[in-house]
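Note sheet for the following structure.
Readers should treat all values here as calculations from the given coordinates under stated rules, not as data from a laboratory. This one's a predicted model, so the numbers in the text were calculated from it and none came from an experiment.
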Amino acid sequence: MHSSAHSEKSLCRLTPPTPQPFIPSLTQKEQEILEWCAKGKTSAEIAIILSRSETTINFHMANLRLKFDVTSRHAAVLKAIKLGITLLP
């Protein structure tokens, strides 16, 4: 029994701690746009909803893709969900 406890302590010292996932900091506008994306809205639809240009929405989407290190808006939404970022009420 003593050697078993000793083995567990040794294993704990050898096992590195599990790193916490990096959760990017989002601006209020990025969060809002990501929420609309999660609801299936296109950039054109989001632009109308938020009274902004489609170019502005795409600018924020490009920033979101960079922050989440992904190549599409859908991947950004999925990664946000995986990281625990609340997108849908």
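What full-extension length gain, to one decimal in nm, is calculated for residue 82 and residue 28 as 0.36 nm per residue of separation minus the Cα-Cα distance? Could the numbers behind the result be given before it?
Values: separation 54, 0.36 × 54 = 19.44 nm, distance 1.94 nm.
Result for the pair: 17.5 nm of gain on full extension.
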Subject >> Two-decimal Rg to Rh for the stretch 29-89 - Kirkwood Rh, Cα set >> reply: 0.93
